[in-house]
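Read the structure below first, then the notes.
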Amino acid sequence: MDKYNYLIVGGGAAGVTAAETIRAKDANASIAVVNDEPEALYSRVMLSKPNFFLGKIPFDQVFLKGKEWYDQNHIKFLGGHKATGLDAGLKTLSLENGDKLEYEKLLLATGASTRKWTVPGAEKKGIYYLRTLDDGKRIMEGIKTAKHAVTIGGGFISFEMADLLRLANIEVTMLLRENYFWEPILDAGQGKMLEDALTKGGVKVLKNVEVAEVQGGDSVQAVILKDGTKIDCDMVIAGIGVFCDLDWVKPAGLQVNRGILATEFMETNLPNVWTAGDVAEYFDPLLEERTQMGNWVNAREQGRVAALNMMGNREPFKFVSFYTTQGFGVSIAMVGDVRPGPDRIIIPRGSPEVNSYARVILVGPEVVGATMINRTKELTDIAKLIDSNVNVSDKYKELTDPNFDLKQLFS
C-alpha cells in the first residue's frame, strides 16, 4: 500500500493549488493527487466561453497544468481514479479499482457534479450538461450540426450557453420554471434587464414552464411542456444545478450537509482531514455563518489556505468570493453572499430603466454582498466594504446614489 504525507482527492483548482502550495513550502514531502477525470488541471471557466467553443483560441489553451507539471514537482498524479471509501481510523483511502492509499494528511476537494435531468426521454442523444472537459467536447461537436437548441434553467450556464449558441447561429429557446430570470437571486428588475438582453439577442424566453417529456428516436427531436406546448429542437442543454456526492464519505463519520462541513480553517470533524473548493461548506468569519461557494477563485484560495493549515498553520479562510460574466451586451457580477433571506436589507444603485443597476445587500449595519448588472466596475469597492466590515447604517442615501464614489466609505 502506497503511503503519502499529503493525499489530495480532487485535481481541480482547489486540489492543485493545495499541492502546489505544499510543494513550495516542503521540497521533500510525498504528495499524491487522486482525480476522477484522467486529464490534469484545465480551466472550467473557459468551458462556457464562446471563444473556446467557436474555435477562436487553440483547444490546448484550456489546460492550465500538464501531467509534466506533476512530474517536475514530484507529485504523483492518479488520474482517472475515483475515490470510493475512507477509513479515518486507519487513515486509508479506497479507490474504485480496489487499491488503497495511506495518508498522514488528507484533503477532500472533490468538487460538485451536474444534477441530471430526470424527465422521460432525458437519456436521448442531444441532451447536454456542462461541467467537465468531456461535456465541453460533446457540446462543441453538437453545435456543428444543431439548428434549434433549448436551454433549461436560469443561471450562469444557461445564460452563457445561450450566448454561445446564438453566436453559432443556432435558434435558442430558454425555459424557466421561475417568474423571471435568476429568481430569487436577482429581483424582478434585474431579471427583466437580462430577459430584454436575451430577447434582443434572438433568444425566445418562456417563463413559468416545465418540460413534461423529450420526444424523438435515439436523438432528441422535441420537448413537450406540461401545458402541452411542443418545441421542436435537436439540442437541449440542461443547466439545472449541481450536487456534491457525499455518500462515500458518510460511513467514515464525516459530518456533511449539502457539502462537507468545515471550520474557517477548512478542518473537518475528522482528525487530519481537511476540505476545500465547491464541496466545502465552511464557517465564513466575514459573514459569521456557514456557507458554500462554487466558483474558481474561491476554490483556488481555499486550496491555498487548506494546504497551509495541513502543514501546521492556523490561517482562517477569509475571502470575499465573486463571479463575473458577460454576454448579449450586458455584464453581470455577483460578490459576497447574495442569497435571499428575511434578514437582508436591499439598497438599489441605478435602475433598470437606465440599464445600470446594482443591489447592495446588507445584514444589519454591514454590506454582505451585491448583484450588479452593467455596474461591474464597482465590484472591487463592494468587496472591500464586505472585507472591512464597514458600518454603513447611516449611509443609505449615499449607497442609493449611483454617482456616489463608494471608495469614500472606507477611505
- Query: Out of the stretch 98-145, which residues are among the polar types (S, T, N, Q) and within 20 Å of residue 210 (Cβ to Cβ)?
  - Reply: 114, 118
- Item | Matching entry among 222, 276 (being buried (at least 19 other Cβ atoms within 10 Å of the Cβ) and either of a type in the set (Gly, Ala, Ser) or modelled with pLDDT of 95 or more (or both)) | 276
- Looking only at the stretch 202-237, which residues are in a loop (DSSP other than H, G, I, E, B) and under 12 Å from residue 174 (Cα atoms)? 202, 207, 208, 209, 210, 233
- Query: Which residue pairs have Cβ atoms under 7 Å apart, sit 6 or more places apart or on different chains, and have a first residue in the stretch 335-364 that is without any contact (Cβ under 8 Å) to a residue 24 or more places away in the chain and in the same structural domain as residue 293 (by TED's automatic domain parsing) and a second that is exposed (fewer than 15 other Cβ atoms within 10 Å of the Cβ) and not in a strand (DSSP E or B)?
  - Reply: none
- Query: Applying the selection to the stretch 342-360, what residues are of a type in the set (A, V, I, L, M, F, W, C) and either within 14 Å of residue 406 (Cβ to Cβ) or outside any strand (DSSP E or B) (or both)?
  - Reply: 347, 354, 358, 360
- Item | the stretch 105-123, residues that are assigned to a loop (DSSP other than H, G, I, E, B) and under 21 Å from residue 266 (Cβ atoms) | 109, 110, 111, 112
- Among the residues of the stretch 30-49, is there at least one that is without any contact (Cβ under 8 Å) to a residue 24 or more places away in the chain and surrounded by fewer than 13 Cβ atoms within 10 Å (Cβ to Cβ)? no
- Message: So, in the stretch 279-324, exactly how many residues are closer than 21 Å to residue 384 by Cβ, at pLDDT 95 or above and assigned by TED's automatic domain parsing to the domain that holds residue 7?
- Response: 5
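Quick grid of which residues meet (1) closer than 25 Å to residue 142 by Cβ; (2) of a type in the set (A, V, I, L, M):
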| residue | (1), (2) |
| --- | --- |
| 36 | yes, no |
| 43 | yes, no |
| 47 | yes, yes |
| 51 | yes, no |
| 67 | no, no |
| 72 | no, no |
| 79 | no, no |
| 101 | no, yes |
| 104 | no, no |
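This table checks each residue for (1) surrounded by 14 or more Cβ atoms within 10 Å (Cβ to Cβ); (2) within 22 Å of residue 184 (Cβ to Cβ).
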site: 336; (1), (2): yes, yes
site: 345; (1), (2): yes, yes
site: 352; (1), (2): yes, yes
site: 394; (1), (2): no, no
site: 400; (1), (2): no, yes
- Restricting the stretch 181-192 to residues that are in contact with a helix residue (DSSP H, G or I) (Cβ under 8 Å, 6 or more places away or on another chain) and not in a helix (DSSP H, G or I), the one surrounded by the fewest Cβ atoms within 10 Å (Cβ to Cβ) turns out to be 183
- Message: Given the criterion of a type outside the set (Asp, Glu) and surrounded by fewer than 18 Cβ atoms within 10 Å (Cβ to Cβ), identify the matching residue among 142, 126, 66.
- Response: 66
- Task: State which residue is nearest to the chain's Cα centre (by Cα) when the search covers only the stretch 146-168 and only residues that are surrounded by fewer than 18 Cβ atoms within 10 Å (Cβ to Cβ) and modelled with pLDDT of 95 or more.
- Result: 148
- Task: Determine which single condition residue 258 fails, assuming it passes every other condition in (1) in a strand (DSSP E or B); (2) closer than 30 Å to residue 386 by Cα.
- Result: (1)
- Hey, among the residues in the stretch 306-329 that are under 17 Å from residue 157 (Cβ atoms) and in contact with a strand residue (DSSP E or B) (Cβ under 6 Å, 6 or more places away or on another chain), which one's surrounded by the fewest Cβ atoms within 10 Å (Cβ to Cβ)? 324
- Conditions (1) more than 21 Å from the chain's Cα centre (by Cα); (2) closer than 15 Å to residue 12 by Cβ; (3) among the basic types (Lys, Arg) -> residue 25 fails only (2)
- Query: For the subset of the stretch 103-117 comprising residues that are among the polar types (S, T, N, Q) and farther than 16 Å from residue 257 by Cβ, which member is surrounded by the fewest Cβ atoms within 10 Å (Cβ to Cβ)?
  - Reply: 113
- Query: Mind checking which residues of the stretch 134-180 are touching an Asp or Glu at 6+ places or on another chain (Cβ under 8 Å) and assigned to a strand (DSSP E or B)?
  - Reply: 148, 149, 175
- Note on the structure: A careful count of residues in the stretch 361-379 that are part of a strand (DSSP E or B) and of a type outside the set (Val, Ile, Thr) gives 5
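The values are calculated or read from the model by the stated rules, or taken from the named source; none is laboratory data. The structure presented is a predicted model; accordingly, all values stated were derived computationally and were not measured. We place every Cβ from the backbone using ideal geometry, glycine too, and count neighbours over all the protein chains shown.
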